[in-house]
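Let me begin by presenting the structure, written as structure tokens, before commenting on it.
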Amino acid sequence: VMDIYLRLKRLSWMVDNKRMRTATNFQWLLSTVVLLYLMNRVNSQRKGTPHDLKCTTNNLQVWDCSWKAPPGAGRGTLYELCIDSRSYPCYPLVRTNIEIPALPPGNHEVTISPQHGAGGFTSKFILSEKNVSLIPAAPEILSLSADFSTSTIHVKWNDHGSVFPRHSNVIWEIKILRKKSMELVKLVTHNTTLNGKDAVRHWSWVSDMPLECAIHYVGIRCYVDSLLFSGHKEWSEWSPVKNISWTPDSQNKVFPQDKVILVGSDITFCCVSQEKVLSAQIGSTYCPLIHLDGENVAIKIHNISVSDSSGTNVVFMIEDNVCGTVVFAGYPPDTPQNLNCETHDLKEILCVWNPGRPTGLVGPRNTSYTLFESFSGKSVRFRRADVPTNESYQLFFKMLPSQEIYNFTLVARNPLGGSESTILVNITEKVYPHTPTSFRVKDINSTAVILSWHLPGNFAKINLLCQIEISKINSVQELRNVTVKGVENSSYLVAVGKLNPYTVYTFRIRCSTETFWKWSKWSNKKQHLTTEAIPSKGPDTWREWSSDGKNLIIYWKPLSVSEANGKILSYNVSCSSDEKTQSLSEILDPQHKAEIQLDKNDYIISVVAKNSVGSSPPSKIASMEIPNDHLKTEQAVGMGRGILLTWHYDPNMTCDYVIKWCNSSQSQPCLMDWRKVPSNSTEALVESDQFQPGIRYNFFLYGCKNQGYQLLRSIIGYTEELAPVVAPDFSVEDTSADSILVKWEDIPVEELRGFLRGYLFYFEKGERDTSKMRDLESGRSDIKVKNITDISQKTLRIADLQGKTSYHLVLRAYTDGGMGPEKSMYVVTKENSVGLIIAILIPVAVAVIVGVVTSILCYRKREWIKETFYPDIPNPENCKALQFQKSVCEGSSGLKTLEMNPCTPNNVEVLETRSTLCKIEDTEIISPVAECPEESSDAEPENHVVVSYCPPIIEEEIPNPAGEDAGGASQVVYIDVQSMYQPQTKPEDELERDPGGGAGYKPQMHLPISAAVEDLAAEDDLDKTAGYRPQANVNTWNLVSPDSPRSMDSNSEIVSFGSPCSINSRQFLIPPKDEDSPKSNGGGWSFTNFFQNKPND
Amino acid sequence: AEHREGQCPDLQDDSALTWIYKIAEPISQAYSLALYMQKNTSTLLQTYLQYQGSPFSDPGFSAPELQLSSLPPAAVSFKIWHALDDGERLSQAKGAFLALTQHLQLVGDDQSDLNPGSPILLAQLGAARLRAQGLLGNMAAIMTVLGLPLPPEEDTLGLVPFGASAFERKCRGYVVTREYGHWTDRAKPSLNSLLPGPSC
């Protein structure tokens, strides 16, 4: 035993050490197990002794120890148990267990020895608190209740706190079992601290499954973690389970009913049914059934979405019935947004807010709002009926007397939760007055009115700031701010001054408070006409003496609206001198002049305008006119709208300057208008809507001096000059053989339309019908121009003219505004008789002398002449017509000529071929064209006929024209009409290669287009001059395309050719009809000109 | 009525004519009203269902098994209904429309909780109730003229309206609007048969 003890000791020390190191329950438990095991081992070695001493406690006060009796020990064996044999009394026992008071900490030796010679050995155990297990008594559920509507289970039990030391921690473990099969659905722990007294503990649990649908069981156990106890601690036994069940009151029911849940949460619905449930659906979605006890079923919904206003339906289909429920998924109320409080009248506070995100819940589940004021503790509730829609919400809060600062809290609440917003307002700074009503205007005087209006509200303690809008026609609006003392719910008056008399004003008003928050809406507009006042000044006055100088005509201008201050009814005019006073009164308004017969005394004329209120101050003007000897008329031209007059400063002019003007065509005295200028100015821009361009006006500048006016300057002018509207009327005074004298009249001022700056005279040779003097400005050299700038000049002699010639004369006037129209005239100069006589006499004399000399010579040489020209027998050698064959193509210039033989009765034109001059285009096979050099025709004298011929045949026949004799060269080739059309096959190419200057014969298809114009010009001549005309209708040859320009060319060409059959024998047997053809000059006739289309003919 | 009257040349007695005038007017009024109601009953039912969410709003929804104990169903077979005399038919129809009038009021209240933002539905329910009330009045007048005993007006609803769940309210409304149609269909020919004409 000693041995064991020692070992035990060592072990326990080791255990102590370990505990110190780790201090974990687990290791402590382990060591205890080891200890017990060892003790067992020891004891078992000694069978027949009590062994396996175990001690437990459930209250830390009493230890309940038990051991196992030795096998041989029968019932009724007596034992004696002694603890620390000397300190405690021994307990005689008949059982194998004993309750002993808790031992103090430390090891205690427990000796169990059988008594009365029962045999066996004494067992010794080492017992300490560490070896004792703390197993609390199983708790008992005092009550188990359920709130079915919330699916909540409430558990109550006694914690037996009096048993354990204060501040012991207790862990409660509660299990929830569901269905009759007792499936564990929840195991939770719940920590409490004991307070030394017995206490009833509560615990609640919300079931995901409605409690109505399945039976729920609850059990509980505990674990006491007492710090004072160092022994082993264990969980208590489970309490007996208690259950919650629901007895259906009707046939079928679905749970939960009408539940409001947060969007996105999970929920289980179940159906209590006696019959088989076939299917279940939420909305239109079918759900899998979860079978519960009996026929009850459930469905689980995850992440539910927001419901319609009438909720989401959950329907269970039963055999021949249906049952269901509605769930409302939504959101808790959003924080009220933009909460704002203001007052219209300082009687009620209007708070407005925006509900924010919709909750998705309506009807009884809708958000309720309560506006709570913390200083007064008062609140108002928002009534659902007031809800407009989803816009701003508003609540009226009755203001409390003498409270200005309000701390509002708006609480929003619905079944899913609540939220709130707060606002602190000083309500006197948040006044948004109502629209002013009963707005009226009353006159005070002509420049001031009183405005009155009504503004509901209790503004007695504050000042109102009101804004008056004053607008008048054709003027910018004026805003005036006025501050008025607030009164209790009454009318307000304010005077508005600085108005114009007799003016229509439109007033309106709006109000705010001095601590500005918002303007009220504008009141209605009120139109008001201010009363009349006396005219502020007298009318602008002028006077003129009548033309006979007996009457003075007094003119005045109507007063402007701002000066008249009312409707002008009449004018009074009075003339006063030192001796007498004349007056004219009650001249009614539209009349603005008056005539008074006056002598030549000095009078002061005064004019007064009157309206219904009174008379204006008089405007005075002196009648006297101071003469001015140094007056001359000046000219001036304005700048479009007006005319600028300047003058030198004159200190003598004491009152003012007057500029009056009139249309110069009006008779004197004329007056269109006048203008007064202050005496210190030296210039005035006279503008008037009456001014028109091109009209001459007279301007008179008067200076006012010693109560009399002196005409200082007289100006004629135009605001804008224009060109004259008529031409000067001119006539020819005299004509001679070489000169014309022209005379013209002035243009009237009205038609001149500007200051005359001069005349332009144009003349040229020309007759009435052919004259081309169309554009005189273009500076044609044959038009002579004379610019006459001396406007006083009224005549012009044009010299160096030709006699008996028609001249075209044009005259026009001009101003700075432009040229006037022209007037033209045709004049024929007279014949120069001396020159004519000389021109006749000299040729006559020459002709007589030549005739005489010729006669003498003929007479003397008459025998030779006879022999030569008229022999009896003509010598063929002398016939020049037959000599041409020898000379053809021999010379350079004269060889091309065709000598007309005078002895043959018919003209024969022979076409000569000069190979050296006529180049044949090698490339032209089908239609060769010969080009004759220009000089060949240019060098010809006019009386030679140029014959240029290029054979149209094959190039082989041409190559050596120089080698052939002259006779061989002059072939006559005949081509029939058909062959002439051959070249048509390549018309376009040849057009390209054949510029207009192509010479010689060209087939009709090959005339270049560029030559068409010239051809057309020559066509007339051709028609006249073509000698021979073919008998056939030429038009019928024109087969190609009669309407094309080319065919026109060919047409003319065919005509010029004569015969279509022979192009070589182009003999014009009929002489040209028209001897007067300008270039034929004696019958000479050039083909070349036609073919080359030379422009200089 | 005048037209039908023209078909009865035998009736020349003044008192008989007066009677016919008296009876014809409420009958023809009731008939016209029933005719007009009939045109709107299916619209009312469709509108009602449309606002109740699926499965009520699903096309072709029908739940004939749903009945209301407080509302007599128009379920008497044709044969039995035909065998009833005019007075009994009238009496039954009057009882039904009395119940319908009260139930339509109830449904209107239910829907202003469930669908407060649906003025169309609420207006239709209100209109249906007024028409049912009108027809009820006409029937009472006919019965008075015919000398039939007027059944006592009774509260058909009792405590039903309180404590019903939303689902029950929806179902209740469905049954009421459905039966409103059925009873209107049934009332119209019954009223027609009352009109004097072919019978005389």
- request: Could you tell me whether any residue of the stretch A:249-270 is under 26 Å from B:Q52 (Cβ atoms), within 14 Å of chain B (Cβ to nearest Cβ), in contact with a helix residue (DSSP H, G or I) (Cβ under 7 Å, 6 or more places away or on another chain) and surrounded by fewer than 23 Cβ atoms within 10 Å (Cβ to Cβ)?
  value: yes
field: Residue tally, condition basic (K, R) and part of a strand (DSSP E or B), over the stretch A:618-648
entry: 1
- prompt: Can B:A140 be described as more than 14 Å from chain A (Cβ to nearest Cβ) and modelled with pLDDT of 90 or more?
  reply: no
query: So which helices (runs of 4 or more DSSP H) are wholly in the stretch B:14-130 and hold at least 3 residues that are within 14 Å of another protein chain (Cβ to nearest Cβ) and in contact (Cβ under 8 Å) with a residue 12 or more places away in the chain?
result: B:14-50, B:86-114
task: Report, by residue number, each residue of the stretch B:169-200 that is at pLDDT 90 or above and over 15 Å from B:P72 (Cβ atoms).
output: B:R169, B:K170, B:C171, B:G173, B:Y174, B:T177
message: B:G147 - would you say it is more than 24 Å from A:V315 (Cβ to Cβ), surrounded by fewer than 19 Cβ atoms within 10 Å (Cβ to Cβ), free of Cβ contacts under 8 Å to residues at least 12 places away in the same chain and away from chain A (no Cβ under 14 Å)?
response: yes
query: Of all strands (runs of 3 or more DSSP E) completely enclosed by the stretch A:189-299, which ones contain at least 1 residues that are touching a residue at least 60 places away in the same chain (Cβ under 8 Å) and touching a Lys or Arg at 6+ places or on another chain (Cβ under 6 Å)?
result: A:216-225, A:259-262, A:267-272
- request: Could you please give the count of residues in the stretch A:335-369 that are away from chain B (no Cβ under 12 Å), within 15 Å of A:L416 (Cα to Cα) and more than 40 Å from the chain's Cα centre (by Cα)?
  value: 5
task: Would you check which residues across the stretch A:308-319 are in contact (Cβ under 8 Å) with a residue 12 or more places away in the chain, at the interface with chain B (Cβ under 8 Å from one of its Cβ atoms) and in a loop (DSSP other than H, G, I, E, B) and list them?
output: A:S309, A:S310, A:G311
- line: Considering residues that are free of Cβ contacts under 8 Å to residues at least 40 places away in the same chain and within 40 Å of the chain's Cα centre (by Cα), the number found within the stretch A:426-478 is 9
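Kindly establish whether A:K242 is more than 14 Å from every other protein chain (Cβ to nearest Cβ), more than 26 Å from B:Y48 (Cβ to Cβ) and touching a helix residue (DSSP H, G or I) at 6+ places or on another chain (Cβ under 9 Å). Explain how you work it out, then say what you get.
Details: more than 14 Å from every other protein chain (Cβ to nearest Cβ): yes; more than 26 Å from B:Y48 (Cβ to Cβ): yes; touching a helix residue (DSSP H, G or I) at 6+ places or on another chain (Cβ under 9 Å): no.
No, not satisfied.
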- request: Write out, first by first residue and then by second, each pair whose Cβ atoms fall under 9 Å of each other, whose residues are 6+ apart or on separate chains, and whose first residue, in the stretch A:352-368, is free of Cβ contacts under 8 Å to residues at least 24 places away in the same chain while the second is not small (G, A, S).
  value: A:G356/A:P333; A:G356/A:D334; A:G356/A:T335; A:G356/A:P336; A:G356/A:Q337; A:P364/A:R384; A:P364/A:P415; A:P364/B:D113
statement: Considering residues that are surrounded by 14 or more Cβ atoms within 10 Å (Cβ to Cβ) and among the basic types (K, R), the number found within the stretch A:558-598 is 1
message: Just to verify a result, which residue in the stretch A:524-553, among those that are in a strand (DSSP E or B) and charged (D, E, K, R), is farthest from A:S612 (Cα to Cα)?
response: A:E544
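The values are calculated or read from the model by the stated rules, or taken from the named source; none is laboratory data. Treat the numbers as computed from the prediction; the structure is a model and nothing was measured. Counting neighbours? That spans all protein chains shown, and the Cβs are built from the backbone with ideal geometry, glycine included.
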